[in-house]
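Comments concern the structure below.
The values are calculated or read from the model by the stated rules, or taken from the named source; none is laboratory data. Bear in mind the structure is a predicted one, so any value in this text is a computation, not a measurement. When we count neighbours, we look across all protein chains shown, and the Cβ atoms used for this are built from the backbone with ideal geometry, even at glycine. All accessible areas refer to the heavy atoms of the entire protein, side chains included, with ligands and DNA or RNA removed. Shrake-Rupley method; radii C 1.70, N 1.55, O 1.52, S 1.80 Å.
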Amino acid sequence: YSENALTRSQDNGTSWDIAKLPTSDTTLYTAGWSDQTFNASINGVTFGNNTFVAVGGYGFILRSTDNGSSFDLATSPYTINYSSHGLRGVAYGNSTFVGVGDNGTIVRSTNNGSSFDNATSPTATHIRGVTFGNNTFVGVGFSGNIMRSTDNGSSFDNATSPTGNPLYGTTFGN
């Protein structure tokens, strides 16, 4: 992905094309699209259950169920505007999508990315990355914050962090 575009490959990265983003929704036009062109950053993309979910600035959540050819706007718990709920990362696990972002924002979807609701966040600082593994969602962010959810993303609790430095990404491995 890049600002203003989602790119995709169907041949293991040999060639790429640009996915179709929503253009006709009035809400999108007033909040982040200008001249019917998306102009908010897309900060994270994940895949699960044959669905792509992309998150970005202004709290945008986009969803594709056609292998990434086109994306539609998912229902967000926030009004899409120049708000403090920009989303920075998204992960999938246990039939749940979880998005994280600015000012402790955490959202989750249990209906294949059609709509998202707020999850309980233990922080008001920016969360920059999220991952899933071993039946646990883990988010990381500013001030060395590390948080985890063992209830499928409904609520998160702080974990002990060895640093006060910003953390921007996380992943699971064996």
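Ranking Gly164, Ser70, Val53 by how far each Cα lies toward the positive end of the dipole of region 53-174 (charges on Cβ) leaves Gly164 at the top. Approximating the spin labels as points 7 Å out from Cα along Cα→Cβ, the Asp157-to-Trp16 distance works out to 4.2 nm.
From the Kirkwood radius over Cα pairs of region 53-166, Stokes-Einstein at 4 °C and 1.567 mPa s returns a whole-number translational diffusion coefficient of 93 µm²/s.
At a Förster radius of 22 Å, what calculated FRET efficiency corresponds to the Cβ-Cβ distance of Thr7 and Asn174, to the nearest 0.05? Using R0 = 22 Å, I get an efficiency of 0.15. Where Lys and Arg each count +1 and Asp and Glu each count -1, what net charge lies around Gly59 among other residues with Cβ under 12 Å from its Cβ? Its environment carries a net charge of 0. Using a/c under 1.5 as the rounded threshold, could you call region 85-146 rounded, prolate or oblate? The axes a ≥ b ≥ c are square roots of the C-alpha gyration tensor eigenvalues, and prolate needs a/b larger than b/c, oblate otherwise. Oblate, since a/c reaches 1.5 and b/c is not below a/b.
Solvent-accessible area assigned to carbon and sulfur over region 96-174 amounts to 42 percent, based on a 1.4 Å probe.
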